[in-house]
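First the structure, in the form of structure tokens, and then the observations on it.
Every number in this text was worked out from the coordinates using simple rules, so none of it is lab data. It should be emphasised that the depicted structure is a prediction, and the values quoted were computed from it without experimental measurement.
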Amino acid sequence: MLKIAPSILSADFCNLERDIGRVSAADWLHVDVMDGAFVPNLTIGVPVVASIRKHTGMFLDVHLMIDKPVRYIDQFCQAGADLLSVHLEADHPARIADALRAMEANGVKKAVALRPITSAKAVLPYLERLDMVLVMTVEPGFGGQKFMESQLDTIREVRALIDKYNPACELEVDGGIGPGTAEQVIEAGANVLVAGSAVYGAEDPAKAIELLRTAR
Ligand code: DX5
Ligand code: ZN
């Protein structure tokens with residue numbers, strides 16, 4: 001099933017409750033956590049996720065763009081995340097496996113994320129126990145960037161691996177997704193679309209969500 005996950009990175013942080021309300025027709029809420037080290041930008045941390053949890057029943061899809069994410073898994077789970085994505089480039093494989101185990105122990109859904117430079121087969125050691133793979137379609141760090149068409153091949157490759165080894169696993173794409181690119185990523189095999197500027201930059205975010213839903 002196709003899911004739309006608006007990214008609150010493009011929301012007005014002074015009016016976050018209002019802006020979350022504006023996307024209530026979506027399936028998930030995408031929360032971008034950045035540490036100023038794994039990526040050059042700094043955004044949201046644990047207390048903000050805890051506050052969001054108090055104000056919405058939406059499924060919280062928390063994208064950790066942080067170094068050594070295993071250090072913070074318990075905290076983000078306790079704050080109320082429903083799913084956590086950790087980047088494969090953010091730590092050694094054994095520590096990524098530790099992070100996934102910590103998510104499992106907390107009963108939270110588990111995902112790994114791939115920067116554009118990382119090849120699809122990097123998911124293989126983890127794939128059978130994952131709930132989702134996140135393929136970045138921009139270099140992580142900022143909203144409003146241009147979609148990287150070269151990532152369509154990675155999406156197709158990850159889709160093939162998922163179909164072979166773990167068909168229930170979701171495939172999320174993130175970065176530059178809008179009415180012009182949604183159709184391409186769906187065709188390549190994505191089923192969860194993150195969209196920041198395409199939703200919050202629109203006059204009517206609910207309409208923008210509907211437009212993405214019917215992209216195919
Ligand atoms: C970028 C973030 C994205 C970002 C997407 O590093 O992971 O979630 O908010 O923004 P748009 O949809 O504007 O590219
Ligand atoms: Zn994201």
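What the table below lists for this structure:
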item	result
Hits among aspartates and glutamates - C-alpha to C-alpha of residue 164 under 12 Å, sequence gap 8 or more where chains match	128
Reach of residue 146 by Cα under 16 Å, taken over aspartates and glutamates that are not fewer than 8 positions away in the same chain	174, 183
The chain: most fluctuating residue of 142, 38, 13 per GNM, C-alpha cutoff 10 Å	13
MRE, 222 nm, helices only [DSSP H, n ≥ 4, -39500 (n - 2.57), over the chain, to nearest 500]	-10000 deg cm²/dmol
Stretchable slack from residue 78 to residue 14, in nm (0.36 nm times residue separation minus alpha-carbon distance)	20.7 nm
